[in-house]
Amino acid sequence: MNMPRPEHPMPQWERANWQNLNGTWEFEFDFGVSAIERELWKKEKFDKEIIVPFCPESRLSGIGYTDFIDGVAYRKNFTLTEKEMAGRTILHIGAADYLTTVYVNGKKVGTHQGGYTSFAFDITAYVALGENSLFVAVSDDVRGRKQAKGKQAHKFASSGCDYTRTTGIWQTVWLEFVPFTYVKSAKYYPDIDNGCLTVTGITEGAATLTLTAKWDGEVAATKSIISKGGFFSTQLELPEVHLWEVGKGGLYDLEITYGEDTVKSYFGMRSTAFEGRKWLLNGKSVFQRTVLDQGFYPDGIYTAPTEEALLHDIELSLAAGFNGARLHQKIFEPRFLYHADRLGYLVWDEYPNWGLDYANPQATEIYLSEWQEAMERDFNSPAVIGWCPFNETWDYYEEKAGNKLISSIYYLTKNLDPTRPCVDTSGSFHEVMEVYDIHDYDQKVERFKHRWDTLTGMMKANGTIDAKDPIYKELVDENGWPPYLNQTYEGQPIYISEYGGIQWIKNAGEGWGYGETPKTEEEFFARYKGLTEAMLNNEEIFGFCYTQLYDIEQEINGLYTYEREEKFDVSVIKAINIQKAAIED
């Protein structure tokens, strides 16, 4: 096949000199996780081939093995020219699940722990002119509770909310060639009130740093400073501010030069804040009409088959009247965020915490490393309007005793990024409630509406509600849903971050969703309309997230099928979603 996923994987940090290593690699299963002990990189010929960046569980990999895989090993040769070796050679891996060890020409380069974040190694000291050998070994254990697995199945077969597993490399692998003096990283802090962009970062070597911002192809501002290497900070004054807006986008191109190094980037000028229970974008109250997007694909599992498939999911969401998504239990690849940035599509970044034993001291190590990597990588995306390090922590250790990991990660998140809100745990149980975030899958429209009309009425009148107030118990359904009874309300903004999940099978087959299956399309639309309008018409609620955008395997509560086909006329859904919300300006 032609090279899969040929586009540059980091559109917000793009250099012209790079080499895509996707395509055919040598491959072997490593069920005994002994590849390194056996020095497998010395083997004359591997047993199989695989198409990178697709995981071996996927059809697109050419393998399609879906049983548990404890380890995998890859090998690929690449060639370097004198021009490419004139500076530093950086090896990038978009993501590999879970513990990755890299060898170049038989020498160990480094290891990375975590299945969802991008990482890189400077391999300048390990490469040679001409042909080189790259060996990658990855171990994975979704059942051991010592790593985060997200929605990957911990049983042999997919079931409930868990789906086909992903092992090993699942995002683009590439080489980047940079001068010895170069820009290592940069962070952007837009200030729309004062018309400037603060840029901080790290440089290697001494040179002049020049920032050039363009709007619609024309130079909008430029700034040069001298850096002797290490940390830098400067401001780019913008005589005219063009705002990044929901549903419209609005991106400035940014060129960063440092000596002979040039980086192509972009930024958006926007602000986010809470005012009472309103969420403000650029000072205006905007209702978040979000949808749950889990980033699964029938043929690629975690990996979109093409860049067009990434864009298509956003287009499907917009066609149904949503203005954003919770990127659920998975850290999405940067090119998805690029299209969200470009289209003005709001997203919440979320860590795939399921499967990890939070009471294990090692959990702190895992979170501190990978969550910081996720925030560092996605910090500059204007589409990312909030962070969510945990999802649904009920039935775990912290239900019985306060788990300081959750509160510690919340405070770490706020220290790393004071510009965005953070939901400590989507659903429950909360440790630090900046947002009153609730999951409510009640399918009875009248009861759902009564619950939130009653609660928000009390909240507005009293400003707080004690979790022990008997009114809570009177408002839950016969199954005790939603399980938020330990959460005292203290005036926070209110986000119903999961609701609906109405099951609907387009074709013959079996599956599950929430509640009874509607008997007709009209009944489906009536339930969707009633639940959604209960929030749109409530002046105390700033947003909702519908479960979900598309079906995934046995879970059939999507508005589209797993193959991204319409189940019914989504223009009806759009007409409901785009109604003006009571809390909006």
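Data table
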item	result
Antiparallel DSSP beta bridges within segment 435-554, as percent of all bridges there, nearest 5	10
Accessible surface, per residue, of segment 425-545 when the full set of protein chains is kept, probe 1.4 Å, Å²	43
Over segment 229-360, equivalent-ellipsoid semi-axes from the Cα gyration tensor in Å	27, 22, 18
Aspartates and glutamates whose Cα lies under 18 Å from that of Lys45, excluding same-chain neighbours fewer than 8 positions away	Glu26, Glu28, Asp30, Glu37, Glu131
Nearby lysines by direct alpha-carbon distance to Lys473 (threshold 18 angstrom, same-chain neighbours under 8 apart not counted)	Lys444, Lys449
Antiparallel %, DSSP beta bridges [both residues in the chain], to 5	75
Sequence ranges 538-546, 566-574, 210-218, ranked by mean other-Cβ count within 10 angstrom, highest first	538-546, 566-574, 210-218
Given charges at beta-carbon only (K, R positive; D, E negative), |dipole| of the chain in Debye	760
Mean separation of Cα contacts under 8 Å (6+ apart) over length of the chain, as relative contact order %	12
Karplus (6.51, -1.76, 1.60) ³J(HN,Hα), θ = phi - 60°, over segment 60-66, in Hz, Gly and Pro reported as x	5, 6, x, 10, x, 9, 10
For Ala220, distant residues with modelled amide H under 5 Å away	Ala213, Lys214, Trp215
Net charge of neighbours whose Cβ lies under 9 Å from the Cβ of Thr210, counting Lys and Arg as +1 and Asp and Glu as -1	0
The chain, helix-only ellipticity at 222 nm - DSSP H runs n ≥ 4, -39,500 (n - 2.57), divided by all residues, nearest 500	-5500 deg cm²/dmol
Pairs of Lys in segment 169-310 closer than 17 Å at Cα, counting only those 8 or more apart or on different chains	8
Karplus-derived 3J(HN,Hα), 6.51/-1.76/1.60, for each residue of segment 145-156, Hz, glycine and proline x	6, 9, 8, 6, 10, x, 9, 6, 5, 9, 9, 4
Amide proton proximity set for Gln152, modelled H, under 5 Å, gap of 5+	Tyr163
HN-Hα J in Hz across segment 293-299 - Karplus 6.51, -1.76, 1.60, θ = phi - 60°, x for Gly and Pro	10, 9, x, 10, 9, x, 9
Partner aspartates and glutamates for Lys404 [C-alpha distance under 20 Å; skip if fewer than 8 residues away on the same chain]	Glu350, Asp357, Glu365, Glu370, Glu392, Asp395, Asp417, Asp424, Glu431, Glu434, Asp437
Carbon/sulfur fraction of accessible area - the chain, other protein chains in place, 1.4 Å, %	49
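The values are calculated or read from the model by the stated rules, or taken from the named source; none is laboratory data. Please read these numbers as outputs of a predicted model, since none were measured by experiment. For neighbour counting, all protein chains shown are included, and Cβ atoms are generated from backbone atoms with ideal geometry for every residue, glycine included. The area values use the complete protein model at the heavy-atom level, side chains included, leaving out ligands, DNA and RNA. Shrake-Rupley method; radii C 1.70, N 1.55, O 1.52, S 1.80 Å.
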